[in-house]
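Have a look at the structure below before the remarks.
The values are calculated or read from the model by the stated rules, or taken from the named source; none is laboratory data. Bear in mind the structure is a predicted one, so any value in this text is a computation, not a measurement. Methodologically, a virtual Cβ is constructed for each residue, glycine included, from the backbone with ideal geometry; neighbour enumeration extends over all protein chains shown.
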Amino acid sequence: MTTYSYSSESPVDVKAGLLIVPVFEGPKPGPGVRETGLARAYADAKLSGKKNETLLVTRRDRDRFAAGAVLLVGVGPKEDFTLSGMRRALGRVAGTARRFGTAATTFPQAFGARQATEMVPAAAEGLGLGAYRFDRYRTKRDEAAGLKRVVVLGNPKWEARGLSAAVKRVAIVVDAVYWARDLVNTPAGDMPPAEIAREAQRMARSVGLTCKVWNEFQLEKGGFGGILGVGRGSVNPPRLIELSYTGAGRATPIALSGKGIAFDSGGLSIKDAKGMESMKDDMGGAASILATMKAIARLKPKINVIAAIPCSENMPSGSAQKPGDVITHRGGTTSEVLNTDAEGRLVLADALAFLNERKPELIVDTATLTGACVVALGGSIAGAIGNDDALIEELIAAGDSTGEPIWQLPLYPDYRPMIDSAVADIKNVGERWGGAITAAWFLAEFVGDTPWCHIDIAGPAFSDKGTDLSPRGATGAPIRALIKFLLDRAAA
Ligand code: BES
Ligand code: MN
Ligand code: ZN
């Protein structure tokens with residue numbers, strides 16, 4: 001556990017294992033370098049503040065700074081500097097910060113109070129997110145390593161109370177992201193649907209959320225044919241996790257759902273070996289919604305939020321659903337399952353229909369739904385498709401501010417007939433091209449006229465190489481955007 005704080009003490013005096021000093025690109029190295037007496041070292045190392053440039057200087061007896069070491073970090077030209085740039089620059093050096101245990105950070109220039117309200121939490125968030133490691137399965141791990149404390153240093157003229165509170169909120173957000181990453185990174189063998197549900201219940205108890213878990217028998221009674229159909233091939237039975245947060249009395253709730261496929265083998269329409277390697281991440285949508293609910297319960301905005309998270313494991317076996325089978329979803333809509341690997345939409349359909357019965361204000365779902373979305377937008381960008389442009393805009397804006405890019409794809413009406421079925425109401429696959437859009441058309445059948453946005457996170461949920469803010473594996477996207485979206489809604 002890391003503690004996060006804000007302080008207006010001087011960088012020279014701060015007692016920390018590591019003092020991080022971001023530096024703009026240019027001929028002069030900026031105030032932090034001069035104050036710490038490192039202008040000479042900076043020049044001698046031929047630094048120029050280019051992005052990704054770093055210099056680590058450990059303290060010698062006569063040094064002017066109290067920290068154990070100073071890390072100068074190039075952040076590129078001042079004109080290009082953004083909130084996201086600050087977050088990412090600190091994410092990249094978080095691994096170094098872990099070695100020193102405690103880290104304090106300054107800024108490359110004195111910001112105005114307005115900018116500080118965004119920059120201070122972004123700095124804390126970058127360090128927190130970047131310091132995540134998943135070492136549960138390593139037998140040789142360094143128990144002592146890890147980021148114990150983060151201190152963001154600011155100008156004494158800034159309003160310290162507000163900034164301290166903002167940094168405390170970052171701690172809640174980062175904790176939620178860590179939890180989601182752990183859930184996704186844990187191998188599917190140790191994280192079947194029932195275990196995801198137990199994790200949800202433990203979380204709900206710890207933060208005071210209402211949680212109800214539906215088991216396979218209850219799902220049967222409730223008519224959840226999609227969740228059951230997908231789960232039929234696995235020895236690990238499916239679950240539906242229902243969570244609710246009440247922060248605004250009897251106000252109409254916002255509804256969330258997330259795809260929770262514990263493992264996606266493809267089912268009988270089986271994937272090849274490569275295609276399965278990262279499919280423990282197919283519950284990234286579920287984890288993002290669970291984590292969002294956890295953070296919201298602790299941040300306590302004045303809104304109501306309900307979530308329904310369908311969890312199944314998609315496996316081939318003698319009891320698995322077969323291509324050509326017809327299933328009946330919650331609410332009665334039938335679908336023809338032509339490809340058992342298009343399973344995400346089947347479980348989400350039930351959850352969306354269930355949520356829509358509550359007549360929510362709007363619905364947002366997140367899902368590692370289609371490879372097609374990754375082809376369209378690459379590994380870093382989520383696709384947003386829905387029936388309400390204003391809602392989509394809001395989510396895109398939230399993602400912009402948290403550094404979780406979301407781009408809109410169209411719910412193009414001409415593609416709707418691609419999921420017409422010869423035997424049932426709809427079928428679960430369209431033609432080869434436009435796969436992210438036909439998947440969304442399938443989901444659209446279950447939300448009625450409720451404003452709805454589906455976020456396909458097949459790309460950004462998981463990173464094989466790691467990102468500035470995450471080691472390889474689960475990233476937690478788009479939890480921070482969802483939290484921002486909900487907090488902004490509550491404040492509006
Ligand atoms: N979970 C996959 C989508 C996916 C692919 C996520 C790659 C992350 C990386 C989903 O269940 C799936 O298999 N989709 C199929 C749909 C197809 C059969 C219509 C796909 O995208 O190939
Ligand atoms: Mn699949
Ligand atoms: Zn899947």
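Is it true that some residue in segment 263-286 is among the acidic types (Asp, Glu), surrounded by fewer than 24 Cβ atoms within 10 Å (Cβ to Cβ) and under 20 Å from Ala372 (Cα atoms)?
Yes; the residues of segment 263-286 include at least one that is among the acidic types (Asp, Glu), surrounded by fewer than 24 Cβ atoms within 10 Å (Cβ to Cβ) and under 20 Å from Ala372 (Cα atoms).
Restricting to segment 204-250, count the residues that are among the hydrophobic types (A, V, I, L, M, F, W, C) and part of a helix (DSSP H, G or I).
Total meeting the criteria: 7.
Of the numbered conditions (1) within 30 Å of Glu361 (Cα to Cα); (2) touching a Gly at 6+ places or on another chain (Cβ under 9 Å); (3) hydrophobic (A, V, I, L, M, F, W, C); (4) not in a helix (DSSP H, G or I), Leu256 satisfies every one except a single condition; which is it?
Checking Leu256 against (1) within 30 Å of Glu361 (Cα to Cα); (2) touching a Gly at 6+ places or on another chain (Cβ under 9 Å); (3) hydrophobic (A, V, I, L, M, F, W, C); (4) not in a helix (DSSP H, G or I), the one that fails is (2).
Kindly indicate whether any position in segment 9-23 is under 19 Å from Gly126 (Cα atoms) and assigned to a helix (DSSP H, G or I).
no
Can you list residue pairs whose Cβ atoms sit under 9 Å apart, with the first residue in segment 267-292 being free of Cβ contacts under 8 Å to residues at least 12 places away in the same chain and assigned by TED's automatic domain parsing to the domain that holds Ile227 and the second being more than 9 Å from ligand 1 (Cβ to nearest atom) and part of a helix (DSSP H, G or I)? Count only pairs 6 or more apart in sequence or on different chains.
Matching pairs, first to second residue: none at all.
Right, Leu299: at pLDDT 95 or above, closer than 28 Å to Arg489 by Cβ and crowded, with 24+ Cβ neighbours inside 10 Å or not?
It is false that Leu299 is at pLDDT 95 or above, closer than 28 Å to Arg489 by Cβ and crowded, with 24+ Cβ neighbours inside 10 Å.
Which of (1) part of a helix (DSSP H, G or I); (2) within 16 Å of ligand 1 (Cβ to nearest atom); (3) under 23 Å from the mean Cα position of the chain (by Cα) does His454 not meet, given it meets every other one?
Failed condition: (1).
Could you tell me how many of the residues in segment 457-492 are assigned to a strand (DSSP E or B) and modelled with pLDDT under 95?
Qualifying residue count for the region: 0.
Give segment 365-389 a look and list any residue that's away from ligand 3 (no atom under 16 Å from the Cβ) and either polar (S, T, N, Q) or modelled with pLDDT under 95 (or both), or say none.
Ser380, Asn387, listed by residue number.
Could you please find all residues in segment 12-28 being buried (at least 23 other Cβ atoms within 10 Å of the Cβ) and closer than 18 Å to Leu47 by Cβ?
Leu18, Leu19, Ile20, Val21, Pro22, Val23
Inside segment 327-399, counting only strands (runs of 3 or more DSSP E) that do not spill past its ends, which hold 1 or more residues that are closer than 14 Å to Ser257 by Cβ, touching a His at 6+ places or on another chain (Cβ under 8 Å) and within 11 Å of ligand 1 (Cβ to nearest atom)?
362-367
Can you pull out every residue in segment 269-312 that is within 14 Å of ligand 3 (Cβ to nearest atom) and outside any helix (DSSP H, G or I)?
Ser269, Ile270, Lys271, Glu277, Ser278, Pro310, Cys311, Ser312
Looking only at segment 259-310, count how many residues are over 20 Å from Glu361 (Cα atoms), more than 18 Å from the chain's Cα centre (by Cα) and either more than 15 Å from ligand 2 (Cβ to nearest atom) or not acidic (Asp, Glu) (or both).
Going through segment 259-310 one residue at a time, the tally reaches 12.
What pairs come up if the first residue lies in segment 132-148 and is more than 25 Å from Ala16 (Cβ to Cβ), the second is among the aliphatic types (A, V, I, L, M), and their beta carbons are under 9 Å apart, counting only those six or more places apart or on different chains?
Between residues of segment 132-148 that are more than 25 Å from Ala16 (Cβ to Cβ) and residues that are among the aliphatic types (A, V, I, L, M), the close pairs are Phe134/Ala474.
If I go through segment 140-191 residue by residue, how many of them are within 30 Å of Lys280 (Cα to Cα) and among the small types (Gly, Ala, Ser)?
Residues that pass the stated criteria total 8.
I'd like to check something: does segment 412-432 contain any residue that is crowded, with 19+ Cβ neighbours inside 10 Å, under 30 Å from Ala490 (Cβ atoms) and touching a Gly at 6+ places or on another chain (Cβ under 8 Å)?
No, segment 412-432 contains no residue that is crowded, with 19+ Cβ neighbours inside 10 Å, under 30 Å from Ala490 (Cβ atoms) and touching a Gly at 6+ places or on another chain (Cβ under 8 Å).
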